[in-house]
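Trainee: Before anything else, here's the structure in question.
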Amino acid sequence: MSSRWRIRGGTLDLAERVRVMGVVNVTPDSFSDGGAFLEPQAAIDHARALIAEGADLLDFGAESTRPGAAAVPPAIQIERLIPVLEAVAGDGVPISVDTGCAAVAARALEAGAAIVNDVTALRDRGMAELVAGTGAGVVLMHLRGTPETMQDDPRYDDVTRDVAAWLEVRVRAARRAGIASEQIVLDPGVGFGKTAAHNFELIARLEELGALGLPLLVGLSRKSFLGRAQGLPAGERLEGGLAATAIAVFLGARVMRTHDVAATVRAVRIAEEIATRRRAAVERAREF
Ligand code: HH2
């Protein structure tokens, strides 16, 4: 498996340790923290607090992708993002921009971003060319439909196999557009066009997505499937999220996207210790 993630201006060795990506939503309406970091200074302060908590990467978004969310015009996304990215670009952690819009990604890369986190997996025609031309890292995420429609009765024959097959097609399209495999990280898209049962199933079978041969990023922090059974609001889903995080890391996730960086770093380090020993034990057993 390719474990070096080539991003703009460098590489991240994902074999060395699991990376924690902190989320900064510069939005009025994100599902768990909408409005908290819309002011540039609040977003900058939050970004720096996440770095102090141990974030290896930061992911900035200016458009909510929660179920039912409407698209935000590129000019508004740019206006929200650029002052924040410019301020944080020199702070020593790679910056990712969470957008499906090539015009927004282009401005963010100019302002210092190194990664495009595209929840539409290169749906915007200009995006593949931009990533190929700039050498940015890219996250290709599985999304069924659009955020506006994705939760309208999602169905799959077999969610894990369907997501794997879909991601494989998107990787082929990326490669055809001139994006190197080393630039790509894949994401099953927990919560994007999936029922709670689909989300649990995808995490339980994450190893099958590892067979695609590219590193995996998982974003599950505070999502509704973590609270549904117990009726917990977004602010009370941390423990469930950490349990799912530990299992995702055990089953091969190399980047965890989260709002709760300090707690996630702690959980990831323990899950990683156990996963490393598990892999070594499996290797030893194979040698006999
Ligand atoms: N989840 C969200 C947004 N972007 N990107 C990737 N690659 N994977 C994810 O799972 C993912 C993502 C949703 O979380 P958040 O950004 O907090 O919410 P909102 O979209 O409402 O801003």
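The values are calculated or read from the model by the stated rules, or taken from the named source; none is laboratory data. Not measured: the values here are computed from a predicted model. Note that we place each Cβ from the backbone using ideal geometry, even for glycine, and neighbour counts take in every protein chain shown. Note: areas computed on protein heavy atoms with side chains; ligands, DNA, RNA excluded. Shrake-Rupley method; radii C 1.70, N 1.55, O 1.52, S 1.80 Å.
Trainee: Run ILE274 past the list (1) in contact with a Pro (Cβ under 8 Å, 6 or more places away or on another chain); (2) surrounded by fewer than 22 Cβ atoms within 10 Å (Cβ to Cβ) and report the number of the one that doesn't hold.
Mentor: ILE274 satisfies all of (1) in contact with a Pro (Cβ under 8 Å, 6 or more places away or on another chain); (2) surrounded by fewer than 22 Cβ atoms within 10 Å (Cβ to Cβ) except (1).
Trainee: Under the condition of being open to solvent by less than 30 Å² (accessible area, probe 1.4 Å) and without any contact (Cβ under 8 Å) to a residue 60 or more places away in the chain, which residue from segment 107-116 is nearest to GLY219 (Cα to Cα)?
Mentor: VAL116
Trainee: Go through segment 4-31 and count every residue that is away from the ligand (no atom under 16 Å from the Cβ) and either in contact with a helix residue (DSSP H, G or I) (Cβ under 8 Å, 6 or more places away or on another chain) or closer than 13 Å to GLY61 by Cα (or both). Outline the logic, then answer.
Mentor: Here is the first cut: in segment 4-31, the residues away from the ligand (no atom under 16 Å from the Cβ) are 4, 6, 8-11, 13, 15-17.
With either in contact with a helix residue (DSSP H, G or I) (Cβ under 8 Å, 6 or more places away or on another chain) or closer than 13 Å to GLY61 by Cα (or both) added as a condition, the list becomes 4, 6, 8, 11, 17.
Final tally of qualifying residues: 5.
Trainee: Right, next: Sort out which residues of segment 213-234 are among the small types (Gly, Ala, Ser) and within 12 Å of the ligand (Cβ to nearest atom), and write them in order of number.
Mentor: GLY219, SER221, SER224, ALA234
Trainee: If I filter segment 32-55 for residues that are open to solvent by 50 Å² or more (accessible area, probe 1.4 Å), within 14 Å of the ligand (Cβ to nearest atom) and either of a type in the set (Gly, Ala, Ser) or in contact with a Cys (Cβ under 6 Å, 6 or more places away or on another chain) (or both), do I get at least one hit?
Mentor: Scanning segment 32-55 turns up at least one residue that is open to solvent by 50 Å² or more (accessible area, probe 1.4 Å), within 14 Å of the ligand (Cβ to nearest atom) and either of a type in the set (Gly, Ala, Ser) or in contact with a Cys (Cβ under 6 Å, 6 or more places away or on another chain) (or both).
Trainee: If a residue counts only when it is open to solvent by less than 20 Å² (accessible area, probe 1.4 Å) and more than 18 Å from ARG254 (Cα to Cα), which helices (runs of 4 or more DSSP H) contained entirely in segment 151-219 have at least 2 such residues?
Mentor: 159-176
Trainee: Inspect segment 83-90 for any residue being open to solvent by 10 Å² or more (accessible area, probe 1.4 Å), more than 20 Å from GLU148 (Cα to Cα), of a type outside the set (Phe, Trp, Tyr) and in a loop (DSSP other than H, G, I, E, B) and give the result as yes or no.
Mentor: yes
For (1) among the aliphatic types (A, V, I, L, M); (2) free of Cβ contacts under 8 Å to residues at least 24 places away in the same chain; (3) out of contact with any Pro (no Cβ under 9 Å at 6 or more places or on another chain), each residue gets a yes or a no:
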{"site": "SER181", "(1), (2), (3)": "no, no, yes"}
{"site": "PRO188", "(1), (2), (3)": "no, no, yes"}
{"site": "ARG205", "(1), (2), (3)": "no, no, yes"}
{"site": "LEU214", "(1), (2), (3)": "yes, no, yes"}
{"site": "GLY231", "(1), (2), (3)": "no, yes, yes"}
{"site": "ARG266", "(1), (2), (3)": "no, yes, yes"}
{"site": "ILE270", "(1), (2), (3)": "yes, no, yes"}
{"site": "ALA281", "(1), (2), (3)": "yes, yes, yes"}
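Trainee: Hey, can you tell me all the residues within segment 95-134 that are more than 16 Å from the ligand (Cβ to nearest atom), outside any loop (DSSP other than H, G, I, E, B) and of a type outside the set (Asp, Glu)?
Mentor: Hits for segment 95-134 are ALA102, ALA103, ALA106, ARG107, LEU109, ARG125, GLY126, ALA128, LEU130, ALA132, GLY133, THR134.
Trainee: For segment 245-259, enumerate the residues that are touching a helix residue (DSSP H, G or I) at 6+ places or on another chain (Cβ under 6 Å) and open to solvent by less than 40 Å² (accessible area, probe 1.4 Å).
Mentor: Selection gives THR245, ALA246, ALA248, VAL249, LEU251, GLY252, MET256, THR258.
Trainee: Of the residues ARG176, ARG172, ARG237, which single one is free of Cβ contacts under 8 Å to residues at least 24 places away in the same chain, within 15 Å of the ligand (Cβ to nearest atom) and charged (D, E, K, R)?
Mentor: Sole residue among the options that is free of Cβ contacts under 8 Å to residues at least 24 places away in the same chain, within 15 Å of the ligand (Cβ to nearest atom) and charged (D, E, K, R): ARG237.
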